[in-house]
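The values are calculated or read from the model by the stated rules, or taken from the named source; none is laboratory data. These numbers come from a predicted model, not from an experiment. Cβ coordinates were reconstructed from backbone atoms using ideal geometry, including for glycine residues, and neighbour counts include every protein chain displayed.
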Amino acid sequence: MSTLWRATLLAGLTLLACDKKDSATTPEPVAASGDAGASAEAASGPVEGASEVGASQEEGSDESASADEGASEDEGASADEGASEDEAGSADAGGEGGEVAAPTGAQAKGEVALELPAPLFRGAREGCGGAAGVGQRVKNFKLATPEGKTVSPSYYRGRVVLLNFWGTWCKPCLQELPEFSRLYRRYRKYGLTLVAVATDEDAEKVQAFLDEKKIAAKVGLGGEATAGAYGDRNFPFTFVIDSGGVIRAAYDGYKEGCLGALEADIRDALEKRNRR
């Protein structure tokens, strides 16, 4: 074999070996970077989707929280409204000293600040009322009720109080108190409370009369000394006390024709209270 031919053969083999080496070479870094970018894009898709879902869940939870808050506010308002309606009739419930008088003024919760209903009784004021005590502050006391709780005029400060002193031994008292109960039922949501102080100490006897006549009032027992603090008076005797605790009308004894005058005094006190 000639030297030229050998040289040519060696050159051909060298070229063939170079072609195989090039074909086995790893792809250029640029190509690898492109693949990695595509992988990153593929990975980023689910991540973004998860973020959107998470945001939706958070918004949903916020909406739920808002709904709950709204419900709580509504429930609170309903509770407040229910409590306010009960405040007007708190004398019926017969609570302890923890009972607080309803707020004064036309904006008092649960109390009607509109004009008063038509009167129950008619009659002139001439010859009615005018007993001693008008302009004085009511004397405070605390007495047991037939239910074993307590009653005091201080519990109802801010309301108009019809304070009546009576006893089961007093026939005019038994005739008058049911009429006072009617007045209380008519005006309690406007701010009136009826407190009836009995001189009796026998709870069962007093309760029997209250049940028989269906009296709506806050009743105190053993009030002889409490009544005596106002001097020697004819039973029954009654005060109309304004929302500030001052006696605005006073009646000694029972006169059927004076119920209209007493109601007029109650209405005057209620109108002044509710205009504040």
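Summary of computed values
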| quantity | calculated |
| --- | --- |
| Subset tally (residues that are within 16 Å of Leu194 (Cβ to Cβ), surrounded by fewer than 19 Cβ atoms within 10 Å (Cβ to Cβ) and among the hydrophobic types (A, V, I, L, M, F, W, C)) for segment 144-171 | 0 |
| Residue check, Ala227 touching a residue at least 60 places away in the same chain (Cβ under 8 Å), in the same structural domain as Glu256 (by TED's automatic domain parsing) and part of a loop (DSSP other than H, G, I, E, B) | no |
| Qualifying residue in segment 227-239 (condition: over 20 Å from Gly130 (Cβ atoms) and of a type in the set (Ser, Thr, Tyr)) | no |
| Matching residues, segment 180-206, being more than 31 Å from the chain's Cα centre (by Cα) and not small (Gly, Ala, Ser) | Thr199, Asp200, Glu201, Asp202, Glu204, Lys205, Val206 |
| Yes/no for Val134 being at pLDDT 95 or above, at negative phi, surrounded by fewer than 18 Cβ atoms within 10 Å (Cβ to Cβ) and of a type in the set (Val, Ile, Thr) | yes |
| Which listed residue is more than 21 Å from Lys139 (Cβ to Cβ), surrounded by 24 or more Cβ atoms within 10 Å (Cβ to Cβ) and in the same structural domain as Gly127 (by TED's automatic domain parsing), from Gly191, Gly257 | Gly191 |
| Condition met for Ala249 (within 16 Å of Trp166 (Cβ to Cβ) and of a type in the set (A, V, I, L, M, F, W, C)) | no |
| Check on Thr193, assigned to a loop (DSSP other than H, G, I, E, B) and β-branched (Val, Ile, Thr) | no |
| Pairs where the first residue, in segment 103-130, is farther than 18 Å from Leu183 by Cα and charged (D, E, K, R) and the second is at pLDDT below 60 and part of a loop (DSSP other than H, G, I, E, B), C-beta under 8 Å, 6+ apart | Lys109/Ala102; Lys109/Pro103 |
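Let's see how each residue does on (1) touching a His at 6+ places or on another chain (Cβ under 9 Å); (2) within 17 Å of Arg188 (Cβ to Cβ); (3) not in a helix (DSSP H, G or I):
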{"position": "Asn234", "(1), (2), (3)": "no, no, yes"}
{"position": "Ile247", "(1), (2), (3)": "no, no, yes"}
{"position": "Ala250", "(1), (2), (3)": "no, no, yes"}
{"position": "Tyr254", "(1), (2), (3)": "no, no, yes"}
{"position": "Gly257", "(1), (2), (3)": "no, no, no"}
{"position": "Gly260", "(1), (2), (3)": "no, no, no"}
{"position": "Glu263", "(1), (2), (3)": "no, yes, no"}
{"position": "Arg267", "(1), (2), (3)": "no, yes, no"}
{"position": "Leu270", "(1), (2), (3)": "no, yes, no"}
